[in-house]
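Q: Here it is, the structure in full.
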2 protein chains.
Amino acid sequence: MPMNFENLADALKALADPTRLKIVSLLNVRDCCICELVPLFGISQPAVSKHMRRLKTAGLVHETRKGMWVFYGLNADRLAEIGVSLSRLPDLRADLEHLQQQGLLVCE
Amino acid sequence: MPMNFENLADALKALADPTRLKIVSLLNVRDCCICELVPLFGISQPAVSKHMRRLKTAGLVHETRKGMWVFYGLNADRLAEIGVSLSRLPDLRADLEHLQQQGLLVCE
DNA sequence: TTACCTTATAACTATGTAGTTATATATTGC
DNA sequence: GCAATATATAACTACATAGTTATAAGGTAA
């Protein structure tokens with residue numbers, strides 16, 4: 001899946017929140033359900049549930065129901081993919097050369 | 001500078017926008033000034049200026065005035081640092097063990 | 001069925017953000 | 001000083017988001 005700027009920005013937005021970063025770090029240890037996570041944060045159960053949904057939409061976690069509980073697990077490869085995308089940003093040389101041909105660059 | 005969740009979230013927020021990701025990619029080719037970048041985006045000069053300010057606050061770019069122009073350059077090490085932080089999230093095993101001692105974990 | 005626990009959703013509030021236009025500031029060169 | 005260009009800031013609008021409380025829905029077990 002090619003990560004264009006829109007996709008990458010959406011993925012980064014999903015990570016760009018201290019609560020979700022901590023959730024991801026916790027799931028990196030082991031799968032957890034909502035009711036285990038709630039006491040680790042000063043926020044309500046629905047708030048944690050909504051963070052989870054955000055992470056799931058971004059492909060960062062997957063869920064498995066076990067009886068009453070829904071266990072969430074980290075998609076570590078997806079997280080890694082996002083980090084790698086940051087270090088492999090596209091080469092936009094062509095865009096600048098095009099500007100140059102139009103005389104829109106300041107100094108030669 | 002230790003990257004706690006707040007710091008990292010702030011840095012990721014600065015990157016979590018398609019326009020800023022493209023700006024960063026362009027500055028990765030070479031330093032640019034605002035008036036060069038504006039024609040590459042469908043937005044106004046003040047909008048580009050504000051994106052730049054956001055990136056500067058996050059430590060991702062630095063500026064150098066040359067005559068009328070202000071040239072912005074990418075702080076590549078800062079960008080790399082953010083990517084690495086994503087792949088080196090803190091180990092929160094202790095938090096989960098603490099929960100376990102309190103009997104707040106569902107299974108086991 | 002009923003009671004109970006867990007999770008998700010709805011409706012709302014407060015705040016942040018990305019854009020706009022208008023204007024101020026900085027710099028160059030006449 | 002004055003005109004022209006580049007950049008930054010101010011004031012505003014529209015929309016996204018992170019939280020809340022209340023409630024619905026899913027699942028277990030008496």
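Throughout, read-outs are computed from the coordinates displayed, never taken from laboratory work. This structure is a prediction, so every number in the text was calculated from the model and none was measured. Neighbour counts run over all protein chains shown; Cβ positions are idealised from the backbone, glycine included.
Q: So, in the protein assembly as shown, how many Lys pairs have Cα atoms under 18 Å apart, if the pair is 8 or more places apart or on different chains?
A: The number of close lysine pairs in the protein assembly as shown is 15.
Q: Placing the label point 7 Å from Cα along the Cα-to-Cβ direction, what are the distances from B:Gln101 to the equivalent spots in the other copies, shortest first, in nm to one decimal?
A: Taking the point 7 Å beyond Cα along Cα→Cβ, the inter-copy spacings are 6.7 nm.
Q: Work out the FRET efficiency for A:Thr57 and B:Ile43 from their Cβ-Cβ distance, taking R0 = 35 Å, and round it to the nearest 0.05. List each step's numbers first, then the result.
A: Working: r = 26 Å, r/R0 = 0.76.
E between A:Thr57 and B:Ile43, to the nearest 0.05, is 0.85.
Q: If R0 is 25 Å, what FRET efficiency do you get for A:Trp69 and A:Asp10 from their C-beta distance, rounded to 0.05?
A: On the way: r = 28 Å, r/R0 = 1.13.
That pair, A:Trp69 with A:Asp10, gives E of 0.30.
Q: Under the convention of a label 7 Å out along Cα→Cβ, give the distances in nm from A:Arg53 to the same position in every other copy, shortest first.
A: Its label point is 3.4 nm from the equivalent points in the other copies.
Q: Looking at B:Thr64, B:Gln101, B:Ala80, which one has the Cα that reaches farthest to the positive end of the dipole of the stretch B:5-101 (charges on Cβ: Lys, Arg +1; Asp, Glu -1)?
A: B:Thr64
Q: So, one more: For B:Gln102 and A:Val29, what is the calculated FRET efficiency with R₀ set at 22 Å and r taken between the beta-carbons, to the nearest 0.05? Spell out each step's value before the answer.
A: Values: r = 16 Å, r/R0 = 0.75.
The pair B:Gln102/A:Val29 has a calculated efficiency of 0.85.
Q: Next up: Once the Cα atoms of helix B:18-27 and of chain B are each reduced to a long axis, what angle between those two axes, in degrees from 0 to 90 to the nearest 10, is obtained?
A: Its long axis makes an angle of about 60 degrees.
Q: Hey, got the dipole for the protein assembly as shown? About the Cα centre, +1 on K and R Cβ, -1 on D and E Cβ, debye to the nearest 20?
A: Details: 26 positive and 24 negative charges, 86 e Å.
Dipole about the Cα centre, nearest 20: 420 debye.
Q: Here's something else I'd like to know. Of the residues A:Leu21, A:Leu60, A:Leu74, which exhibits the maximal mean-square fluctuation in a Gaussian network model of chain A defined by a 10 Å Cα contact cut-off?
A: In the Gaussian network model the winner is A:Leu21.
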